[in-house]
1. Report yes if some residue within the range 183-195 is among the charged types (D, E, K, R) and part of a loop (DSSP other than H, G, I, E, B); otherwise report no.
2. What number of residues within the range 64-86 are assigned to a helix (DSSP H, G or I), free of Cβ contacts under 8 Å to residues at least 40 places away in the same chain and either open to solvent by 80 Å² or more (accessible area, probe 1.4 Å) or more than 25 Å from L278 (Cα to Cα) (or both)?
3. So which residues in the range 236-273 are touching a residue at least 60 places away in the same chain (Cβ under 8 Å), part of a strand (DSSP E or B) and in contact with a Phe, Trp or Tyr (Cβ under 9 Å, 6 or more places away or on another chain)?
4. So D207 clears everything in (1) open to solvent by 60 Å² or more (accessible area, probe 1.4 Å); (2) part of a strand (DSSP E or B); (3) in contact with a Pro (Cβ under 8 Å, 6 or more places away or on another chain) except one condition, right? Which one?
5. Regarding R190, is this residue at pLDDT 95 or above, of a type outside the set (F, W, Y), crowded, with 21+ Cβ neighbours inside 10 Å and out of contact with any strand residue (DSSP E or B) (no Cβ under 8 Å at 6 or more places or on another chain)?
6. Can you find a residue in the range 161-180 that is aliphatic (A, V, I, L, M) and either assigned to a strand (DSSP E or B) or farther than 21 Å from V316 by Cβ (or both)?
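The values are calculated or read from the model by the stated rules, or taken from the named source; none is laboratory data. Computed from a predicted structure; not experimentally measured. Cβ atoms come from the backbone with ideal geometry, glycine included; neighbour counts cover every protein chain shown. Accessible surface is based on the protein model in full, side chains and every heavy atom, while ligands, DNA and RNA are left aside. Shrake-Rupley method; radii C 1.70, N 1.55, O 1.52, S 1.80 Å.
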Amino acid sequence: MATMKDVAREAGVALGSVSRVINHAPGVKQKTIDKVNAAIKKLNYVPDEYERGLKVKSSKTVALILPSIWNLFFAEFAYYVEKYLAEKNYKLLLCNYSNNPKAEQHYIKMAKQNKIDAIICITYDDLDKYFYAGIPLVSIDRYFEQKISYVTSENYEGGRLAAEELLKHGVKHPAFIGTYNHNPSDVMKRHKGFAEYLSEQGYEFADVYLLEPVTKEEEETELFKLLDKNPEVDGIFCNTDSLLLDVKNWLAQREISVPEQIQLIGYDGIKPDFNSELGISTIRQPLPEMAKCAVEMVIEKVEQHRDEQRIERFPVSYIEGNTTKNIWQRLHTLLLFEL
């Protein structure tokens with residue numbers, strides 16, 4: 001495969017001249033342009049984006065830093081980020097740091113060295129000191145001491161909506177299960193919205209709110225401690241869909257039926273694929289719109305060198321699924337209670 005050096009040798013010009021022609025730099029003589037183009041045609045040379053970047057200081061690459069690609073929410077978000085980057089002629093470097101802060105730091109240093117143009121990240125670690133000025137970055141949900149732009153959903157309203165829907169579905173003894181982080185994140189507002197709505201309606205609720213890092217085994221243990229202490233619980237808001245799926249499985253192991261005995265509502269609106277619903281009741285984030293916004297924001301920072309902070313919050317909606325009682329199930333339960 002021909003290289004830029006091969007083109008320079010064939011055309012009889014300097015390597016820098018080839019780079020200037022490829023990148024359409026002003027001030028290049030037409031004679032030089034003709035020589036380089038002729039050499040490119042003869043050698044069937046295809047300009048490499050990295051070689052372009054040697055001159056224009058751009059690799060046309062955005063890193064997406066995720067905690068784990070195994071999480072359905074993160075996987076779906078990555079799909080849409082890559083889709084919208086491709087529409088802008090940018091490539092995606094997927095960085096799966098597996099909850100390892102050192103891996104995150106490595107990717108951030110890559111951006112500092114101009115190996116990638118920008119970062120979109122979902123991170124819950126203390127990385128403030130690594131965000132040097134000049135790195136175009138957009139965060140999802142998480143906000144920092146520095147004025148970094150971020151995209152999120154209306155998490156507080158989502159928590160309120162989850163509480164409202166549980167009560168609408170006949171829940172009398174609601175509960176919450178979720179995790180939180182030392183570092184500030186909009187995700188924490190889901191718990192606050194849930195709690196404040198129930199308080200306004202005169203309801204108390206049982207609560208499992210665990211500080212990360214936490215294992216699934218620890219979550220399961222704490223859930224059943226809560227249920228043993230509060231056997232009357234008949235509805236739970238799980239602060240992610242992934243957690244809801246775990247809770248559903250744990251309840252099944254105890255022969256507790258969903259939604260007949262305990263109704264569940266999650267948060268995210270994830271799908272098993274892009275053409276079908278997961279089937280659970282959930283508060284849906286508009287993931288495609290959020291990904292598109294994050295891409296547009298980060299490319300704007302790259303190409304227009306805009307460093308002011310932008311915050312974009314997207315509305316959420318309730319999606320009815322099979323983890324809450326439908327209208328006929330609720331009427332049947334009500335009739336049985338009256339009899």
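1. Checked against the condition, which is being among the charged types (D, E, K, R) and part of a loop (DSSP other than H, G, I, E, B), the range 183-195 yields no hits at all.
2. First pass over the range 64-86, keeping only residues assigned to a helix (DSSP H, G or I): 72-86.
Next cut, free of Cβ contacts under 8 Å to residues at least 40 places away in the same chain only: 75, 78, 82, 86.
From what's left, either open to solvent by 80 Å² or more (accessible area, probe 1.4 Å) or more than 25 Å from L278 (Cα to Cα) (or both): 82, 86.
Qualifying residue count, the range 64-86: 2.
3. Step one: filter the range 236-273 for residues touching a residue at least 60 places away in the same chain (Cβ under 8 Å), giving 236-244, 247-248, 258-260, 263-265, 267-268, 270-272.
Applying the additional criterion that residues be part of a strand (DSSP E or B) yields 236-238, 263-265, 267-268.
Passing the criteria: I236, F237, C238, L264, I265, Y267, D268.
4. Unmet condition: (3).
5. Numbers: at pLDDT 95 or above: yes; of a type outside the set (F, W, Y): yes; crowded, with 21+ Cβ neighbours inside 10 Å: yes; out of contact with any strand residue (DSSP E or B) (no Cβ under 8 Å at 6 or more places or on another chain): no.
No, not satisfied.
6. Going residue by residue through the range 161-180, those that are aliphatic (A, V, I, L, M) are 161-163, 166-167, 171, 175, 177.
If we keep only those that are either assigned to a strand (DSSP E or B) or farther than 21 Å from V316 by Cβ (or both) too, we end up with 175, 177.
Yes: one or more hits.
Yes or no, residue by residue, for (1) assigned to a helix (DSSP H, G or I); (2) over 24 Å from the mean Cα position of the chain (by Cα); (3) farther than 26 Å from I140 by Cα; (4) at pLDDT 95 or above:
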residue: E296; (1), (2), (3), (4): yes, no, no, yes
residue: R313; (1), (2), (3), (4): no, no, no, yes
residue: Q329; (1), (2), (3), (4): yes, yes, yes, no
residue: L336; (1), (2), (3), (4): yes, yes, yes, no
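Let's see how each residue does on (1) among the small types (G, A, S); (2) farther than 20 Å from C121 by Cα; (3) surrounded by fewer than 20 Cβ atoms within 10 Å (Cβ to Cβ); (4) under 20 Å from the mean Cα position of the chain (by Cα):
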residue: T221; (1), (2), (3), (4): no, yes, yes, no
residue: G235; (1), (2), (3), (4): yes, yes, no, no
residue: C238; (1), (2), (3), (4): no, yes, no, yes
residue: R254; (1), (2), (3), (4): no, yes, yes, no
residue: K271; (1), (2), (3), (4): no, yes, yes, yes
residue: T282; (1), (2), (3), (4): no, yes, no, yes
residue: E289; (1), (2), (3), (4): no, no, yes, yes
residue: I299; (1), (2), (3), (4): no, no, no, yes
